[in-house]
Each structure stands twice: as C-alpha cells, then as structure tokens.
Amino acid sequence: MPLAQTLQDLPPEWPHDPLPAIRQALRTRGEKVVVLDDDPTGAQAVHDVVVVTEGSVDILAEELSNDLTTLFVLTNSRSLPAPEARSLNAEIGRNLREATALTGRDVVVVSRSDSTLRGHFPQEMDSLEEVLGSKFDAWVLVPFFLEGGRYTLDDVHYVAEGDRLTPAGETEFARDTAFSYRSSNLLEWVEEKTAGRVRAESVTSISIEDIRRGGPERVAQRLAEVAKGGVCIVNAACMRDMEVFALGAQGAEESGRRFLYRTAASFVRARIGQTSRPILAASELELSDGVGALLVVGSHVPKTTGQLEYLLEQARVTGIEIRVNRLLSPDDRSGEIRRVAEQADRGLAGGDDVAVYTSRGVVAGEDAGDSLSVGKRISEGLVELVRTITTKPRYMLTKGGITASDIATQALGVKRAAVPGQILPGVPVWTLGEESRYPGLTYIVFPGNVGGPEALSDVVTGLSVGG
C-alpha cells in the first residue's frame, strides 16, 4: 500500500489539541506513568525522563517520590527466555506494588515492547496482572510508533518501508528467530500469541473513525465496552490519534476502569502529554576531547547491516569486525576479545572514531530458546570487550537494544540515567549517572530497526570534531 495516499485517504484528524487536558489530568491526579521497558529503546519518543536499571522497592519508592511524571524501568527481558522474563516482571511488579503502598503514589503501568511485535506477549502481561493487585479491566495493545513508521489501520499493523506500507507479518521482523509470528491483523495476532486463549472475535478494536470522528469521549465509551478481562487494540496513524486515545483512556480511568498497557514508544509520549522537542545538537551533549567515539554494533537486522555498510563507506571511521564464530568458541573467545580491544584502544587514543561490529551472518539456534541463548553469549562477549577497552571514548553509541542494555548495565555499571531527548527521531540519548564507569558520558541507544541507510553515518558525522 502507498504510504502517502493511504494516510491522505483517512478521515481528517481530530481538530482539538488533547495535550493540555492530558497534562492537567496528570497534575490533578498526581499519578506517575511507570514503564517497564523490555530493552533500552523505550524512551525513544520522550525527553527529560529517567531510566533506572534496577527495580528494587527502595529505588522505585525513591523515584516515585520525585516530581517527574514518568519513570522507565529497564528489564531487558527481550533477551531472556520466556520463564525468566515472566519471573523478572513478577519481581518488579511486586516491588512496584510495595513502593506505591509506601509512597501513596498512584501509577499507570505500561509494558513497553517492540513496535514490530517482537517480545514476550502475553507472558509478561500475565505476570504483571498476577502481582499488581486487583484485576485489570482490560489489556490495551498499542504498537503504533511514528518515528519508526509503524501504523495500525483497519486493525492491521504496518511497517513503512520508503513510501510503501508492508503488513508486519510479511517483514523480516516477523521471521525473528526468537519471536516469529504470522499475523499482521492484531486481532488475529492476539489469538496467535495467546495460542487461542483469547479468540480474535473477542478482541475489541478502537478504529481510526472512533478516534477522528468521535474524539476522546468515543474512545472512553469504547473502552468502557470492553468485556472484563478482555483485550483492546488501538488503530492509529499519527500522534494526534495517540493523544486523542490517551485523553479518552484517562477519561475511562477516571470513571473507575483500570487498564494494563502493552505499547510501543509513541503511546508513552501521548500519555504524559509531551510534545516533541528539537533533535539534540552536539553542543547540548557532554563529549570528551582528544579521543574518538566508540560504536558497538550488535544488531544483525538487515536495516542495521545496511547502515553499517554505509557508515564504513562514507565516514572516517575505523571498522573492526569481531568474528562471532570465535566469540562463541571457548578456545578462541579470549584471544578474539583481546585482539579487538587492543585495536580499538589504539584507534580511540589516536582520536579515531571506532566501530566494533559483529560479523553479519545470523547464528540461529535450533529453536527460539536456543537462539536467545546464542544471542546472550554474543552479548556477553561484547560486554567483556567493552570492559577490556581502557580508553574513555568521546561518546558511546550502541546499535541494537539488547546490546545497549547489556553494555550499559554490565560493562558500564549504569543504575540511573537521564534522557534529555533524541539525536535522531527514535534514537534516544542517555546521560550516564555518577555511579557508572564513565559519569556523564553521552550514551546513544540506537535501535536496530530505526532510520534510513545514512542514519548511523549522520550521527557520527554530526558529532565528529568540527562536524
């Protein structure tokens, strides 16, 4: 389907700005939106928020007590097998329940996951519902993500590729070795992922027409009609659709309804009433002098490979391939890490930007669990590599959500980071906390499936000395 023509043929957007009413409701209710993020890319649509990498009662209670409207809790659960992901969500959910009791702060809980429908659904939702207290009235599924070109129209989720809309089930994302699926229609996707526990015909849909012609009141009405314990999916094609839905959801909540949200990043921005802010400039970031930047590329989706190839052709970057077959070999692992670390240190100390990247072939396991295990071993190797590199870089960029999470938490010791905004649409920037290996370091979390072929090169060129 042609993107521009398809969007043009939709009904006109709702004419009234919902954001002031959303912000007023947040202030009046004194609530906080708590986002359990299954990889560190969830803050890719918001700014001036905090990410914590631990979900203990003490940390959650401290963060619930400040004036910020939003808290991201990094779980990195997409890197885990389903039983471990479920257990981790249960632990954080129990801790969140205790922290809300201690602080008296009301919370809205969002399980943030991938906009191309990869993740542990319904396992994480089941786990959270079991531990968070009184049963939710419904689950609400919102995978729309503007910056990534993810639209839901007539209940079908699409991925924009150039000026074409491709049903998500027909993209490479649906063939993910750990989270594959067939259905692009979200009603059918829910039935597929729940193995028939939730039938497609029982899922409620909030349409573009509901949002654009009926506004927040119609959204609230549709949410009130969802059967107890049901699932509702939301169609959306622009941020105004998201904002209308968010205000309608607030109205339904004020009437006593309680929802557990499974969403991509754009919903969070709408739910907290934020507008977009300009892309961050180099002058707004803390960049070390006299050394090069370190890029670590672990994502192997085709979009990342194309961006990496473009970068190495266009920008003055030293590329170092870390050979995955050696990384996975007990006999060769240490030597391969030492070889790459020594090359990287020489380049960084000499002022060169260095891109360390895994060999591009996909190493798949025999099944989904085995594929996750292989990915974990590769990520552990990248963590060990960053630990071995001794030069503090000008800034650090990590490509791929799981790679970014493991390096931040395990190699750099990050427990809390501020998110001032994005360096490109959909590409969040963290400022690392004082507890980390490099306090104040600019840490760019570049999702594997965001941006055009030149995106990675644009960031590196824009942040280069004199760039």
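Residue-wise HN-Hα couplings along segment 379-396, as the Karplus relation 6.51 cos²θ - 1.76 cosθ + 1.60 with θ = phi - 60° gives them from phi, are 4, 4, x, 5, 4, 4, 4, 5, 4, 6, 5, 9, 8, 5, x, 4, 7, 10 Hz; Gly and Pro carry x.
Expressed as a whole percent, the proportion of Cα-Cα pairs in segment 208-366 lying more than 27 Å apart is 54%. Extension gain, LYS392 to SER56: 0.36 nm times the residue separation minus the Cα-Cα distance gives 118.0 nm. Coupling constants for segment 98-111 follow from the phi torsions by the Karplus curve (6.51 cos²θ - 1.76 cosθ + 1.60, θ = phi - 60°), and in residue order they are 5, 5, 5, 5, 6, 9, x, 8, 6, 10, 10, 9, 10, 9 Hz; glycine and proline get x. Shown for segment 128-254 is the translational diffusion coefficient from the Stokes-Einstein equation, using the Kirkwood radius over Cα pairs, a temperature of 25 °C and a viscosity of 0.890 mPa s: 160 µm²/s. Taking Cα pairs under 8 Å and at least six residues apart, what relative contact order does the chain come out at, in percent? So the answer I get is 19 percent. Computed over segment 296-362, the alpha-carbon pair-distance distribution with 5 angstrom bins reads 3, 17, 25, 23, 19, 10, 2, 0, each value a whole percent. Note on the chain: Cα-only Rg and Dmax are 21.6, 64 Å.
Computed over segment 1-68, the quotient of the alpha carbon radius of gyration and 2.2 N^0.38 Å is 1.62.
Using the rule -39500 (n - 2.57) for each DSSP H run of four or more residues, divided by the residues of the chain, the 222 nm mean residue ellipticity is -11000 deg cm²/dmol. Within segment 316-467, all pairs of alpha-carbon atoms sorted by distance into 5 Å bins from zero give the percentages 2, 9, 17, 22, 22, 17, 9, 3, 0, 0. The orientation-averaged projection of the convex hull spanning the C-alpha atoms of segment 227-273 amounts to 3.4 square nanometres.
So what does log10 I(q)/I(0) come out to for segment 93-200 at q = 0.12, 0.14, 0.20, 0.21 Å⁻¹, using the Debye formula with one equal point on every Cα and no solvent? The computed values of log10 I(q)/I(0) come out as -0.49, -0.64, -1.06, -1.12.
Rounded to two decimals, the Cα-based Rg/Rh of segment 30-114, with Kirkwood Rh, is 0.94. Legend: residues HIS47, HIS16, HIS157, sorted from most to least accessible area (1.4 Å probe; ligands, DNA and RNA excluded), read HIS16, HIS47, HIS157. In segment 78-133, the convex hull through the Cα atoms has an average projected area of 3.9 nm², a quarter of its surface area. Each listed q (0.16, 0.21, 0.22, 0.23 Å⁻¹) maps to a log10 I(q)/I(0) for segment 146-197, found by the Debye formula over equal Cα scatterers with no solvent: -0.46, -0.75, -0.81, -0.87. On a 22 Å Cα-Cα criterion, which of the cross-link pairs LYS193/LYS303; LYS193/LYS228; LYS32/LYS415 come out too long? In this structure, LYS193/LYS303 exceed 22 Å between Cα atoms.
The values are calculated or read from the model by the stated rules, or taken from the named source; none is laboratory data. The structure presented is a predicted model; accordingly, all values stated were derived computationally and were not measured. Accessible surface areas use protein heavy atoms only, side chains included; no ligands, DNA or RNA. Shrake-Rupley method; radii C 1.70, N 1.55, O 1.52, S 1.80 Å.
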